[in-house]
1. Inspect all residues belonging to the range 49-59 and state whether any of them is over 18 Å from S28 (Cβ atoms), outside any loop (DSSP other than H, G, I, E, B) and open to solvent by 10 Å² or more (accessible area, probe 1.4 Å).
2. Can you pull out the residues in the range 286-311 that are hydroxyl-bearing (S, T, Y) and either in a helix (DSSP H, G or I) or touching a residue at least 40 places away in the same chain (Cβ under 8 Å) (or both)?
3. Report the residue count in the range 221-264 for those that are aliphatic (A, V, I, L, M), touching a Leu at 6+ places or on another chain (Cβ under 9 Å) and assigned to a helix (DSSP H, G or I).
4. Of A171, A165, A178, which residue is modelled with pLDDT of 80 or more, open to solvent by less than 40 Å² (accessible area, probe 1.4 Å), of a type in the set (A, V, I, L, M) and assigned to a helix (DSSP H, G or I)?
5. How many residues are over 23 Å from L234 (Cα atoms) and assigned to a strand (DSSP E or B) if we restrict to the range 90-125?
6. Can you pull out every residue in the range 30-81 that is closer than 14 Å to I279 by Cβ and of a type in the set (K, R)?
7. For the range 59-74, what are the residues that are more than 14 Å from the chain's Cα centre (by Cα) and either modelled with pLDDT under 90 or not hydrophobic (A, V, I, L, M, F, W, C) (or both)?
Amino acid sequence: MIAQGRFATSNRKYLSTVEVAMLRISSSEFEEFVAAVPAISGRYLQTGRSVRAWRLSMTTLGDVTIVWVRGGARNIFHGTSLAGRYSLYLPISEPTVIALNGLKLANARFGSICPGQEFILRTDAPTLWAGFQVPFSAVRHRVGFEHDDATLLAQTRVLQATPLAIARLFALTQRLRAVEARDPDVLDGTPSRNALAQQLLDAIFEMLHRGDPRDAPKVGRRPMQRHRIMERCLELIESRLDCAPTVEDLCSVAGVSDRTLRTVFIEQCGVAPHRYLMIRRLHAIHEALCYAVAGETVTSICSAFGVWDFGRLARQYHSLYGALPSQHLHRAGRMRRGKTHGVGARRVH
């Protein structure tokens, strides 16, 4: 089926992943890919031009949901983990370009996110990563009684695992992908799905049990304080998309200096505050152009976001999206007329 719908400017909530048994998404267009992705509560922000197709593969086996994502460009995801679900993020390729809350997932590290907690997942280059979601109750029951660090299940952390534990989970996911590619029906039977799900749970619990948060760097401002700085800044930015705040406004609302703000933004988002503001506005304009209604023009849309130098905007837009604003507006018109029906993110259940 073709994924449809508008990628909302505000946070979106989709169906829980446990409701989807198998899903495949592939699209050359970032906004079509995001609109088709289920089970997210937050926002993707593309920070570099796409160099390849965006792909997602998701499989649910009992209590375990596995998601593989191949990004097509540098990007940031800022959101909240699903209620009742414990999430882990594991880099598959180029781990040095993936960071959770500013901490790189390199050297056998992985991201551990508790239910309902906000986080920022950043990739500094197109890469492949895997995500795992399991019931928090199961994690708390099994890991909580075995691990000495009580904060393990109370905070979003970057944990250091043993290479053997990482290798075991990675091998299982690779075998699952190979089996699905060779014979998708082999896992239709309940016994086989339950057996694989239990093996995955065992591998995940082993990795958590051996996870060591003390190896994460602890320099400078405390992570929680940095989190509050980002939270205040992003809240202000999202509330003023039609009149973007200045860097001085962000410093004021966060209660920090220009230097500190720059350090935190680069650590968390990979870009300086002024560039983040520019990219966020470009995304808002891009969305409005892609889903424009009859009668809207490039001028009317850009003006609504406080743009007055249209030549400069066109250059910035082309640098990020590889097309001019007018081209995306025209494409939106063609889609309204039904001339491109069937083109977009491919989604197969």
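The values are calculated or read from the model by the stated rules, or taken from the named source; none is laboratory data. The shown structure was predicted, so the numbers you read here are calculated from the model rather than taken from an experiment. Here the Cβ positions follow ideal geometry from the backbone for every residue, glycine too, while neighbour counts run over all protein chains shown. Surface accessibility is based on the protein's heavy atoms, side chains included, excluding ligands, DNA and RNA. Shrake-Rupley method; radii C 1.70, N 1.55, O 1.52, S 1.80 Å.
1. Scanning the range 49-59, I find no residue that is over 18 Å from S28 (Cβ atoms), outside any loop (DSSP other than H, G, I, E, B) and open to solvent by 10 Å² or more (accessible area, probe 1.4 Å), so the answer is no.
2. Within the range 286-311, Y291, T299, S300, S303 qualify.
3. Looking only at that region, the number is 8.
4. A165
5. 4
6. Passing the criteria: R43, R49, R74.
7. T59, T60, L61, G62, D63, V64, T65
Conditions (1) touching a helix residue (DSSP H, G or I) at 6+ places or on another chain (Cβ under 7 Å); (2) at pLDDT 90 or above; (3) under 23 Å from A108 (Cα atoms); (4) buried (at least 19 other Cβ atoms within 10 Å of the Cβ), marked per residue:
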site	(1), (2), (3), (4)
F205	yes, no, yes, no
R214	no, no, yes, no
E235	no, yes, no, no
S239	no, yes, no, no
S257	yes, yes, no, no
